[in-house]
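These notes concern the structure reproduced below.
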Amino acid sequence: MQRVWEILLGLRRGFLSQQGDFALSFNPQWPGQSVVGAATWNVLLAIVALLLVIYVYRHEGKSRGVKIVLGVLRGALLALVIALLNRPVLTLGQSRTEPSVVAIMVDDSISMRVRDVPTGANEAESRLEGAMQLLGDKDRGLIKDLSSKHQVKLYRFDSTAQPITEKGRETASGDRTSLAISRPSTEPFDIEPTGQNTQVAKSIRGVLDDLQGQRLAGVVVLTDGRDTPAEPLAEAIDAVKEFGVKVYPVAVGSESAPKNIDIQSVSVQDSAFKGDIVNIRVAVRATGFEPNHPVTLQLKDKKSGRPMLDLNGNPVEAKVTLPDSNPVEAELQFQPMDVGPLDLTIEAVKQAGEIDDADNIRTAQINVLDAKISVLYVDGYPRWEYRYLKTEMIRDKTVDISCLLTSADPTFRQEGDKPITRFPESIEEMLDYDVVLFGDVDPRQFSDAQLQLVNDFVANRGGGFGMVAGPRWSPAAYHNTAIEPILPVNITKVQPDDSKTSITQGFRPSVTKLGYDSSIFRFFADRDANEKFLKDQLQLIFWYCKGVTTKAGVGEVYAEHPTDMGPDGRKAPLLVLGRFGAGRTLFSAIDDSWRWRFYTGESVFDTYWVQQLRYLARSKKLGQRRLTFTSLRPTYELGQQVHVQMRVVDPKLLQQLPNELRVEVTEEGSGFGVQGSGTTHPATSSLNPEPRTPNPSGAVVRQETLVKEEGQPDLYVASWTADRIGRFVAKLPPIVGGVDEMNLPVEVMVPKLELAQPQVDRASLNRLATETMGQTVTLADAEQKLPNLIQSAAKVIPIESSQRLWDAPLVLILFVFLITTEWVMRKIYGMV
């Protein structure tokens, strides 16, 4: 029936079924209406119509009743015409309510992992956990309370803001669409504290831009309030104030510096020989403790968990006193006795109240090599350096040395553990040695092919080459030979030193930081005693080779002259180590280190030379595995690029390999992370508050591809972004027969910027609230106060829709009916 009336009145379908108030109204447009008004016209027309009816039917001769009936019909017809001239419309009155909107922003930067939100006696939860407890969901907590008056929009932010979506569901069309809370009360928010930077005011500005055009009652910001990196606050707050929206910061966390002990870095050589004393340098930092706080560092075997032992058989430990919050470097020493890869953990003993016990542990890997190395030592004449070095290496049971003295009589029996009569003439003969050491020997003693053989031995076979300078030939005579490119120094400005003048002024080499950190100049276990010996007690030396300079990007200076300058304006180098192709190289500019044996004793001289020879032998010893698998560094920060590389040392193996190789990255234990490995994390670390299902031990978390580098056929590289925190293992499976699986530990750490000063910045939060006419609220009071502080911004908007009636079908029907009825009756009564 309703549709029939809509058709009769000329209304659109469903008009009469809408909710609202219906009213009939007129919209006349009479001439001069603005002067005399519509009522005047209607009265005049009504009078004219009445007079017309009276005039017509007063003179008709029929009975009075007939005339009245006909007059009424005529009057009704004229009244209908007058009504139509007043333009009648049917109006539907409705209203629309623009809802009040409240934006809730949750800081998801890494500082929200800090566990300093008290939950009970001596217990605390992370800041993010505290924020989530406050929010609850649609059935409880702050969200429920605010939802009674407002539409709640949730955002997460670090340096920028993004809407929080329902877990496991994309936003419509994939863009930044806000979602009201409509998930079941038991379903968690899809949010984790992984942001590396925090910009509070900038993120608020982004939310205000996103919600423009909506009736925003306020913005609630759950954060510690500290911007990282710090930026000018005034300009950012001014940008927020332009929107005229109140901001209600909720301070989450403590204003006191949290307690934490952090191993910031671990430095250790990538390989060592069995029986060597290995020095591990550890930078440790503490915050939130009293000055001069003691910390104990421990060194353990990662696989077994057992402590490593020092030279006396005791567990390796170091007691460190931290005077303030600045990093302090400590040293751990141990002696590896088993050949093969050795995975270590360096741990600062955990202490009560730490916000993050995951950063108390760092990992390192050392390749322990067979201690026995084979050395070919060639010198031109029996100088003192040759005599002492030859004798010491023959005595050392970890070195097999073959000596070749070129000035000796042909009948002279060459010395060494493995006596020889000539220099090698093939690569097969050369590969019997790990290191080739040239003294002050005339290059004319070798053919060009033999010198090129040395070059190939180092560049392609991973062999080591060292040169001990002398006054006659080395290194000046090797200019423009195949040996010159191998050296880690430039020799173009060196001239032979034939001076017979006695040198009476001695000097002690100035050891660089690289030298102090190496095992070459480590003569005593105690670091301070060792440095004092090098600076004040080491026997003076007198001669050195002048004119050499370090090759940029190749050589590393371990010792230099204390005063003399080289041609490049830098201190004259005395001991330079470097790499050439697959091998390692060394240049010693002094020839009287024998004085350290003569005046000081065997220990210093033996350590000095054995460690140099072991440095040179490492690449070839590692190459016995046919390849190396290394990382640019063992530890990365979240968001950085992890770089790993595989170098093929065996040319025969290189011919068997494809251009790409797969690497599996596994997560060990229940650490929450990406690409790396190490010790197992607890299921809910203090910096990983979200309960999640951990990956099983050894589970593959990603696969990467090692790709052969263009121009370096022996080098394969791979890289990926460290997108979560944890300790992981990059596994290179057996690629051909005879090559075992290789495991490379990689650790992904929390960026230090977010945790450098994680305490709540209440001053910034108060300023933000004051300048936006809002109010700062504590986490404990937020659920009670915020629903009362944030008033509804809803607004009722009246809406009217009209449908004209003057051209409706019903009007035509009435008009035809009235005029037809009058005409018929007049016809019946003979009035037509």
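Restricting attention to region 470-510, the residues that are surrounded by fewer than 16 Cβ atoms within 10 Å (Cβ to Cβ), farther than 16 Å from Ile590 by Cβ and β-branched (Val, Ile, Thr) add up to 3. Of the set (1) in contact with a His (Cβ under 7 Å, 6 or more places away or on another chain); (2) in a strand (DSSP E or B), all apply to Met467 but (1). Within region 480-514, being outside any loop (DSSP other than H, G, I, E, B) and within 26 Å of Val378 (Cβ to Cβ) holds for Val489, Asn490. Go through region 319-346 and report how many residues are closer than 16 Å to Ser267 by Cβ, surrounded by 15 or more Cβ atoms within 10 Å (Cβ to Cβ) and charged (D, E, K, R). Residues in region 319-346 being closer than 16 Å to Ser267 by Cβ, surrounded by 15 or more Cβ atoms within 10 Å (Cβ to Cβ) and charged (D, E, K, R): 1 in total. Does Leu586 fit the bill of being open to solvent by less than 50 Å² (accessible area, probe 1.4 Å) and touching a strand residue (DSSP E or B) at 6+ places or on another chain (Cβ under 6 Å)? When the stated conditions are applied, Leu586 passes them.
Would you mind stating whether Val284 is over 30 Å from Asp434 (Cα atoms), in contact (Cβ under 8 Å) with a residue 60 or more places away in the chain, open to solvent by less than 60 Å² (accessible area, probe 1.4 Å) and more than 25 Å from the chain's Cα centre (by Cα)?
Details: over 30 Å from Asp434 (Cα atoms): yes; in contact (Cβ under 8 Å) with a residue 60 or more places away in the chain: yes; open to solvent by less than 60 Å² (accessible area, probe 1.4 Å): yes; more than 25 Å from the chain's Cα centre (by Cα): no.
Considered against the rule, which asks whether it is over 30 Å from Asp434 (Cα atoms), in contact (Cβ under 8 Å) with a residue 60 or more places away in the chain, open to solvent by less than 60 Å² (accessible area, probe 1.4 Å) and more than 25 Å from the chain's Cα centre (by Cα), Val284 comes out as no.
Among the residues of region 117-128, those that are outside any strand (DSSP E or B) and modelled with pLDDT of 85 or more comprise Ser126, Arg127, Leu128.
Among residues of region 814-832 that are farther than 13 Å from Gly71 by Cβ, those with a beta-carbon under 9 Å from a residue that is open to solvent by 60 Å² or more (accessible area, probe 1.4 Å) and of a type in the set (A, V, I, L, M) at least six positions away or on a different chain give the pairs Trp823/Val832. If you go through region 431-442 and keep only what is surrounded by 20 or more Cβ atoms within 10 Å (Cβ to Cβ) and either under 51 Å from the mean Cα position of the chain (by Cα) or not in a loop (DSSP other than H, G, I, E, B) (or both), you end up with Tyr433, Asp434, Val435, Val436, Leu437, Phe438, Gly439. Ile143 falls short on exactly one of the conditions (1) over 30 Å from Leu814 (Cβ atoms); (2) of a type in the set (Val, Ile, Thr); (3) part of a helix (DSSP H, G or I); (4) open to solvent by 60 Å² or more (accessible area, probe 1.4 Å), and that condition is (4). Only residues that are small (Gly, Ala, Ser), surrounded by 15 or more Cβ atoms within 10 Å (Cβ to Cβ) and more than 60 Å from the chain's Cα centre (by Cα) were counted across region 779-828, and they come to 1. Cβ-Cβ distances below 9 Å connect the following pairs, each with a first residue in region 391-415 that is more than 14 Å from Val441 (Cβ to Cβ) and open to solvent by less than 40 Å² (accessible area, probe 1.4 Å), a second residue that is part of a loop (DSSP other than H, G, I, E, B) and of a type in the set (S, T, N, Q), and a separation of six or more residues or different chains: Ser402/Gln414.
Give the residue that is nearest to Asp761 (Cα to Cα), with candidates limited to residues of region 92-108 that are at pLDDT below 90 and either open to solvent by less than 40 Å² (accessible area, probe 1.4 Å) or of a type outside the set (Lys, Arg) (or both). Result: Glu98.
Lys708: in a strand (DSSP E or B), touching a Ser or Thr at 6+ places or on another chain (Cβ under 8 Å), modelled with pLDDT of 90 or more and not aliphatic (A, V, I, L, M), yes or no? I'd like the intermediate steps shown before the answer.
On the way: in a strand (DSSP E or B): yes; touching a Ser or Thr at 6+ places or on another chain (Cβ under 8 Å): no; modelled with pLDDT of 90 or more: yes; not aliphatic (A, V, I, L, M): yes.
Against the criterion (in a strand (DSSP E or B), touching a Ser or Thr at 6+ places or on another chain (Cβ under 8 Å), modelled with pLDDT of 90 or more and not aliphatic (A, V, I, L, M)), Lys708 does not qualify.
Which residue is farthest from Gln335 (Cα to Cα), if the candidates are limited to region 263-277 and must be under 32 Å from the mean Cα position of the chain (by Cα) and open to solvent by 10 Å² or more (accessible area, probe 1.4 Å)? It comes out as Gln264. Just one of the listed residues (Arg647, Arg597, Arg625) is in a strand (DSSP E or B), of a type outside the set (Val, Ile, Thr), open to solvent by 20 Å² or more (accessible area, probe 1.4 Å) and at pLDDT below 90, namely Arg647.
Scan region 34-66 for residues that are outside any loop (DSSP other than H, G, I, E, B), in contact with a helix residue (DSSP H, G or I) (Cβ under 7 Å, 6 or more places away or on another chain) and of a type outside the set (A, V, I, L, M, F, W, C) and jot them down. Listed by number, the residues that qualify are Asn42, Tyr57. When Asp379 is tested against (1) among the acidic types (Asp, Glu); (2) at pLDDT below 90; (3) more than 30 Å from Ala730 (Cα to Cα), just one condition goes unmet, and that condition is (2). Selection of region 249-297 for residues being in contact with a helix residue (DSSP H, G or I) (Cβ under 6 Å, 6 or more places away or on another chain) and in a strand (DSSP E or B) yields Pro249, Val250, Ala251, Ile261, Asp262, Ser271, Phe273. Out of the residues in region 298-311 that are among the aliphatic types (A, V, I, L, M) and part of a loop (DSSP other than H, G, I, E, B), state the one that is surrounded by the most Cβ atoms within 10 Å (Cβ to Cβ). The residue in question is Met308.
Could you list all residues from region 364-379 that are out of contact with any Cys (no Cβ under 6 Å at 6 or more places or on another chain) and surrounded by 23 or more Cβ atoms within 10 Å (Cβ to Cβ)?
Ala364, Leu369, Ile373, Val375, Leu376, Asp379
The single condition from (1) under 30 Å from Ala83 (Cβ atoms); (2) open to solvent by less than 40 Å² (accessible area, probe 1.4 Å); (3) of a type in the set (A, V, I, L, M); (4) part of a helix (DSSP H, G or I) that Met831 fails is (4). The set of residues in region 4-60 being open to solvent by 80 Å² or more (accessible area, probe 1.4 Å), touching a residue at least 40 places away in the same chain (Cβ under 8 Å) and not polar (S, T, N, Q) consists of Ile7, Arg12, Asp21, Phe22, Leu24, Phe26. Checked against (1) touching an Asp or Glu at 6+ places or on another chain (Cβ under 6 Å); (2) open to solvent by 30 Å² or more (accessible area, probe 1.4 Å), Lys551 meets all criteria but (1).
Evaluated against (1) closer than 18 Å to Leu810 by Cβ; (2) assigned to a loop (DSSP other than H, G, I, E, B); (3) acidic (Asp, Glu), Glu6 falls short on exactly one condition, (2).
Checking region 662-676 against the condition returns no match, with no residue being open to solvent by 50 Å² or more (accessible area, probe 1.4 Å), at pLDDT 70 or above and under 22 Å from Gln196 (Cα atoms).
Of everything listed in (1) free of Cβ contacts under 8 Å to residues at least 40 places away in the same chain; (2) hydrophobic (A, V, I, L, M, F, W, C); (3) within 20 Å of Ala131 (Cα to Cα), the single unmet condition for Val247 is (1).
For Asn279, are the conditions met, namely being touching an Asp or Glu at 6+ places or on another chain (Cβ under 9 Å), among the polar types (S, T, N, Q), more than 30 Å from Val200 (Cβ to Cβ) and in contact (Cβ under 8 Å) with a residue 40 or more places away in the chain? In short, yes.
The values are calculated or read from the model by the stated rules, or taken from the named source; none is laboratory data. Remember, predicted model here, so these are calculated numbers, not experimental data. Note that we place each Cβ from the backbone using ideal geometry, even for glycine, and neighbour counts take in every protein chain shown. Side chains included, ligands, DNA and RNA excluded: accessible areas come from the protein's heavy atoms. Shrake-Rupley method; radii C 1.70, N 1.55, O 1.52, S 1.80 Å.
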